1. Kindly indicate which of A:Ser93, A:Ser31 is buried (at least 22 other Cβ atoms within 10 Å of the Cβ) and touching a His at 6+ places or on another chain (Cβ under 6 Å).
2. Select from the range A:34-72 the residues that are crowded, with 16+ Cβ neighbours inside 10 Å, part of a loop (DSSP other than H, G, I, E, B) and not small (Gly, Ala, Ser) and list them in ascending order.
3. Considering only residues that are over 15 Å from the mean Cα position of the chain (by Cα) and not in a strand (DSSP E or B), look in the range A:99-115 and name the one that is farthest from B:Lys98 (Cα to Cα).
4. Would you check which residues across the range B:61-86 are outside any strand (DSSP E or B), surrounded by 14 or more Cβ atoms within 10 Å (Cβ to Cβ) and not hydroxyl-bearing (Ser, Thr, Tyr) and list them?
5. Go through the range A:29-79 and count every residue that is over 15 Å from A:Gln6 (Cα atoms), basic (Lys, Arg) and more than 10 Å from every other protein chain (Cβ to nearest Cβ).
6. Looking at B:Arg41, is it under 19 Å from A:Thr38 (Cα atoms) and among the charged types (D, E, K, R)?
7. Applying the selection to the range A:99-114, what residues are within 19 Å of A:Asn77 (Cα to Cα), open to solvent by less than 30 Å² (accessible area, probe 1.4 Å) and in contact with a Phe, Trp or Tyr (Cβ under 7 Å, 6 or more places away or on another chain)?
8. Take the range B:3-57 and flag every residue that is assigned to a strand (DSSP E or B), open to solvent by 20 Å² or more (accessible area, probe 1.4 Å) and among the polar types (S, T, N, Q).
Amino acid sequence: KAGVTQTPRYLIKTRGQQVTLSCSPISGHRSVSWYQQTPGQGLQFLFEYFSETQRNKGNFPGRFSGRQFSNSRSEMNVSTLELGDSALYLCASRSGQGGEGTEAFFGQGTRLTVV
Amino acid sequence: SQQGEEDPQALSIQEGENATMNCSYKTSINNLQWYRQNSGRGLVHLILIRSNEREKHSGRLRVTLDTSKKSSSLLITASRAADTASYFCATETGTDYKLSFGAGTTVTVRA
């Protein structure tokens, strides 16, 4: 079974631009979550989707958005990029209802650098 | 804000020694999970312990949970160079579909 796939792996963008990151979950997984990892703030929850519905959102500005498609693939978008958005963005998928008590499978991440 | 605090922040041990790291959290939890991350790559799930469990084992890993102290520990026995990584605890407090991570412990195993 293929793991969680994130594309692209690396990205360099200029301040003010927007970016879209993609995540393909493990086949059959309908829950997809996104996390931001920075040296200063650590791992922070962005949002979670299940069957195309956002079930929870972290404490991030509205510039951060996401969506999930009918095939469970997910994208997240960051508009008007700021230097502080430079981070490793991790996607995770879960089986079943994706709720409490299930293991999260993470992708390798997208390293975003904003210059 | 992070739910968990991990201690120590960094740990350096000799191959073959045991490594112990601790995680403390603030609110009641449903379960606590441990993950490993190699060199800024993706996280790998190690073990999950539920709030009604006190200890779990998986291979060379032993996890304990003390809900009265709101703390957990991860013990890696007979460490190997391949255990060099960052280790994170993550808690779930209910059906909010998210993991709240600690700051992590960086473990270096010297050959």
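1. A:Ser93
2. The answer is A:Phe60, and nothing else.
3. Residue satisfying both the conditions and the ranking: A:Val115.
4. Hits for the range B:61-86 are B:Lys70, B:Asp83.
5. Residues flagged as over 15 Å from A:Gln6 (Cα atoms), basic (Lys, Arg) and more than 10 Å from every other protein chain (Cβ to nearest Cβ) within the range A:29-79 amount to 2.
6. So B:Arg41 passes the test.
7. A:Gly109, A:Thr110, A:Leu112
8. B:Ser12, B:Gln14, B:Thr20, B:Asn22, B:Ser24
The values are calculated or read from the model by the stated rules, or taken from the named source; none is laboratory data. As the structure is a computational prediction, the values presented were derived from the model and not from experiment. All Cβ positions, even for glycine, are placed from backbone atoms using ideal geometry, and neighbour counts span all protein chains on display. In case anyone asks, the SASA skips ligands and DNA or RNA and just uses the protein heavy atoms, side chains included. Shrake-Rupley method; radii C 1.70, N 1.55, O 1.52, S 1.80 Å.
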